[in-house]
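Q: One structure coming up, written as structure tokens, with questions to follow.
Read-outs: derived from the displayed coordinates by stated rules, not from any lab. For clarity, every value in this text was computed on a predicted model and none was experimentally measured. With ideal geometry, Cβ positions are generated from the backbone for all residues, glycine too; neighbour counts draw on all protein chains shown.
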Amino acid sequence: MISWQLFEWTLPCPVNVQPSIAPVVLRVGEKEDEAVIARVVKAAFALDSSWGDMNNVLQEKMTGVVEVAFASTTTACLVLAHGARVIGVSVVDTDEAALEHLLTGPCILCEYGNRGLASHLLAASLGLLAEKEVPVARGVARVGSVAARFVYPKFGGRAVGTREDSI
């Protein structure tokens, strides 16, 4: 079982974060990016020590999230590139009624960590949801994870409860 921390953001929220490396390009992922997007998402979770006990199950779930994202009309993949290399991804469900809007959360390759990139992707994800007129964005993070402690509380993110599930 996994304990999840539930977060909400009232949109629009004032966000403007610039990453500390340049040049980075933020764009919407295209179908031809699907394999690299899946690889980045899986690598980001695989190298996060807080997922060691659930990594295999999580890898399957994240692969499914990316596949569904390209088949859905309400899901978008935001891609962060440093030069030609994709270094970050965030899969977002823009359906106002979705239980979770941040499907993957901001996923950054390990070697690009601690440079404000996750905050940059979170800000872009919340901005996209605000553009789609979603009034309240929702996301989850594993209780005690870096995302739950440091990333998701940014930009007015409020912890609104917990839930248990088996992924």
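Q: What ranking do 99-111, 129-141, 22-34 get when scored by the average of other Cβ atoms within 10 Å per residue, highest first?
A: Top to bottom by mean Cβ count within 10 Å: 99-111, 129-141, 22-34.
Q: Can you sort R149, R142, R39 so the residue with the fewest Cβ neighbours within 10 Å comes first?
A: Neighbour counts put them in this order, fewest first: R149, R39, R142.
Q: Using 0.36 nm per residue of separation minus the Cα-Cα distance, give me the extension gain between A159 and M54 in nm, one decimal.
A: Numbers: separation 105, 0.36 × 105 = 37.80 nm, distance 2.28 nm.
The span from A159 to M54 would gain 35.5 nm if fully extended.
Q: Need the full-extension length gain, C13 to E34, defined as separation in residues times 0.36 nm minus the C-alpha distance. One decimal, nm.
A: On the way: separation 21, 0.36 × 21 = 7.56 nm, distance 2.94 nm.
Full extension of this stretch gives 4.6 nm more.
Q: On to the next question. How far apart, in nm, are the 7 Å Cα→Cβ label points at V146 and A46?
A: Here the modelled spin labels are 1.7 nm apart.
Q: Moving on. With N set to the residue count of the chain, report its C-alpha Rg divided by 2.2 N^0.38 Å to two decimal places.
A: Against the compact-globule rule of thumb, the ratio is 0.94.
Q: 222 nm [θ] for the chain, helices only, -39500 (n - 2.57) per DSSP H run of 4+, per residue, to 500?
A: Calculated from helices alone, the mean residue ellipticity at 222 nm is -9000 deg cm²/dmol.
Q: Next question. Packing-wise, with mean Cβ within 10 Å as the measure, how do 65-73, 6-14, 88-96 rank, highest first?
A: Order by mean packing, descending: 88-96, 6-14, 65-73.
Q: Grab the chain and count how many Lys pairs have their alpha-carbon atoms under 24 Å apart, sequence gap of 8 or more, or different chains.
A: Details: K31/K42; K31/K61; K31/K132; K42/K61; K42/K154; K132/K154.
Pairs that pass both the separation and distance tests number 6.
Q: If you restrict to DSSP beta bridges whose two residues both lie in segment 59-167, what percentage is antiparallel, to the nearest 5?
A: Beta bridges within segment 59-167, antiparallel portion: roughly 90 percent.
Q: OK, next. Rank these for me by crowding, I37, I87, going from fewest to most other beta carbons within 10 Å.
A: Least crowded to most crowded, the residues run I87, I37.
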